[in-house]
Amino acid sequence: MGYKEISLKLPTDYAEEQLRKKIGKKLRIQEFSYQIERKSLDARRKSDIYWQILVSASSKQIKETARVISPPLNIPYRKREKKMAVVGSGPAGFFCALVLQKAGFNTTLIERGQDINKRAEGIREFEKTGLFNPVCNYAFGEGGAGTFSDGKLTSRSKRISQERKFILSSYINAGAPEEIEYMAHPHLGSDNLGRIVPKLREDFLNIGGKVLFETFLEDLKIENKKVREIITASGGIEADEIIIAPGHSAYETYRMLIKKDVKFRTKSFAIGSRVEHPQEIINNAQWGRKSLPGVKAAEYRLTSSGNGNLPVYTFCMCPGGSIVPSSAYKNTNIVNGLSSYNRNGKFANAACVAGVDLDKLNGKQTSPAEALDWLENLERRFYEYSDSFKSPSCSIKDFINKEAKSSTVESSYPLGLKPAALWDLLPSRVSDSIREGLKDFSRKLKGFEAGTIMGLDSKSSSPIQALREENYLCAGFKNLYIAGEGSGYSGGIISSGADGIKAAMAIIEKD
Ligand SMILES: Cc1cc2nc3c(=O)[nH]c(=O)nc-3n(C[C@H](O)[C@H](O)[C@H](O)COP(=O)(O)OP(=O)(O)OC[C@H]3O[C@@H](n4cnc5c(N)ncnc54)[C@H](O)[C@@H]3O)c2cc1C
């Protein structure tokens, strides 16, 4: 059997039969099987938008040699006696726990929030009443921060290909569409995630894992740099290795870790607001038309040097999505974005953020605890302005011109907008940079200035980073690991899941 990869150009609304015919014609073969390796939309020329598809075909009629497939993640199984405690059921904690359990350890996954059904119900209630629920919200609960999200599975890191494959195939086994393995910009959507996350939990339970919901890690009992017990509201849990993957919203957990002498440093991160446009504006700007058969909704990714200020970029774009109140704590007001798999909502949103170095911004050295205080105070400032979860907002034009003229606009945000001089709520250096970025983006994307800008988006990256040894252990500790986004070594679903897997593999290696 021979194997060959070919690159094909197909119309956006091609049918499978068309692809088959094209492969046969190009390779001059009749009997073959094929697999899509990569699929990306080429929209550089609006008059000629097409799918660029890399296909691998296998056939007796092909002479080339068989393909080289990179080996999958090797998780060595044997029955092991040691107990593992993993805190946080986000991608980092969950995939860490899954790999440890697959390796034969006795693994308990501990999550402060509720299971997905209760969590979804709690979020619906919050969006109806505006009454915040500390145990189930967009940040905390089963599946972590990204459960209700666009479920973008992109990651720029080249060092995590095995881990990435493991995560994607786990998602596919749990019901995700197979295209996530080959799309250039794969995404799951909030609706798919709502089905996948509990199925993954079931897979973990079926191989002997244990999950404790509504169990909050309050404290650690440490002797000679070894964690003897983790303390939760419902009692102590002993384990041989402790992996904490609390995301980067869990401020009190980081404060507890800092008090326990777990070492962190500050790092640069990004903050800003969300911009929102009718999706039609984005489709027109990117495709030159309102819709494109065979493609859900247009995306964008914009960068700006900030005209000598801080660098500004758009991040976590949600085509056909909604902006949601994603606060983790009462009296803080922040926003994030999500969409369904079909991305068929009326609006497009994205974070528009500036890269920040707190030491430079504040003109003094900032400790990790101070960095957390700084960010939390900013989140509180947005809450105090609205005295609710209404999102402070203005038009992009008003932000650029620094004058509050905008009248109420339609938005996807469920808890209402509060007109604001948003530029005054953000730190001035950040707001000046974002203003320059918005000007730049209005030149680059037709109609961009017609959008709305709202709220505080403070979760694109963590302001602190745990100090790690080469074997992933927290510096100086014998059995404590911090993984995922809150560790400061990852950002997003895939890289956080991969970080959790790497921590698990380091533990397996030393056992
Ligand atoms: C609305 C929204 C949309 C997003 N969209 C995307 C996207 O499309 N693509 C993408 O790549 N990323 C997206 N992200 C970011 C992504 O969700 C995170 O990068 C990722 O979830 C981080 O994974 P993690 O496991 O490190 O932490 P998290 O997912 O934050 O999980 C941490 C878990 O730990 C639990 N926890 C915290 N403290 C404790 C404690 N003391 N005791 C017990 N449990 C605790 C929390 O309840 C939480 O469930 C989105 C985030 C949000 C909020």
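The values are calculated or read from the model by the stated rules, or taken from the named source; none is laboratory data. Fair warning: this is a prediction, and the values are worked out from it, not measured in the lab. As a convention, Cβ positions derive from the backbone with ideal geometry for all residues, glycine included, and neighbour counts pool all protein chains shown.
When the test is whether a residue is closer than 30 Å to Lys128 by Cα and either without any contact (Cβ under 8 Å) to a residue 12 or more places away in the chain or of a type in the set (A, V, I, L, M, F, W, C) (or both), Val324 passes it.
Residues satisfying the criterion are present in the stretch 97-104 (criterion: in a loop (DSSP other than H, G, I, E, B) and without any contact (Cβ under 8 Å) to a residue 40 or more places away in the chain).
For the stretch 134-141, the criterion of being at pLDDT 95 or above, among the small types (Gly, Ala, Ser), within 18 Å of the chain's Cα centre (by Cα) and near the ligand (Cβ under 9 Å from one of its atoms) is satisfied by at least one residue. Given the condition within 27 Å of Asp150 (Cβ to Cβ), surrounded by 24 or more Cβ atoms within 10 Å (Cβ to Cβ) and within 12 Å of the ligand (Cβ to nearest atom), answer yes or no: does some residue in the stretch 419-431 qualify? No, the conditions are met nowhere in the stretch 419-431.
For the stretch 448-462, does any single residue satisfy the condition of being within 30 Å of Lys225 (Cβ to Cβ) and touching a Phe, Trp or Tyr at 6+ places or on another chain (Cβ under 9 Å)? Checking the stretch 448-462: at least one residue is within 30 Å of Lys225 (Cβ to Cβ) and touching a Phe, Trp or Tyr at 6+ places or on another chain (Cβ under 9 Å). Where strands (runs of 3 or more DSSP E) sit wholly within the stretch 1-67, those with at least 1 residues that are exposed (fewer than 14 other Cβ atoms within 10 Å of the Cβ) occupy 2-11, 33-42. No other residue among Leu473, Leu426, Leu456 is at pLDDT 95 or above and touching a helix residue (DSSP H, G or I) at 6+ places or on another chain (Cβ under 6 Å) apart from Leu456. Taking the criterion of being in contact (Cβ under 8 Å) with a residue 12 or more places away in the chain and either among the acidic types (Asp, Glu) or part of a loop (DSSP other than H, G, I, E, B) (or both), the residues of the stretch 68-86 that qualify are Ser70, Pro71, Pro72, Leu73, Ile75, Pro76, Tyr77, Arg78, Lys79, Arg80, Glu81, Lys82. Taken over the stretch 479-499, the criterion of being part of a helix (DSSP H, G or I), among the hydrophobic types (A, V, I, L, M, F, W, C) and either more than 9 Å from the ligand (Cβ to nearest atom) or in contact with a strand residue (DSSP E or B) (Cβ under 6 Å, 6 or more places away or on another chain) (or both) is satisfied by Ala498 alone. Taking Arg164 as the residue in question, decide whether it is buried (at least 18 other Cβ atoms within 10 Å of the Cβ), of a type in the set (D, E, K, R) and either in a helix (DSSP H, G or I) or more than 9 Å from the ligand (Cβ to nearest atom) (or both). The answer is yes for Arg164. Scanning the stretch 202-248 for residues that are part of a loop (DSSP other than H, G, I, E, B), within 14 Å of the ligand (Cβ to nearest atom) and under 26 Å from Tyr171 (Cα atoms) returns Phe213, Glu214, Thr215, Ala245, Pro246, Gly247, His248.
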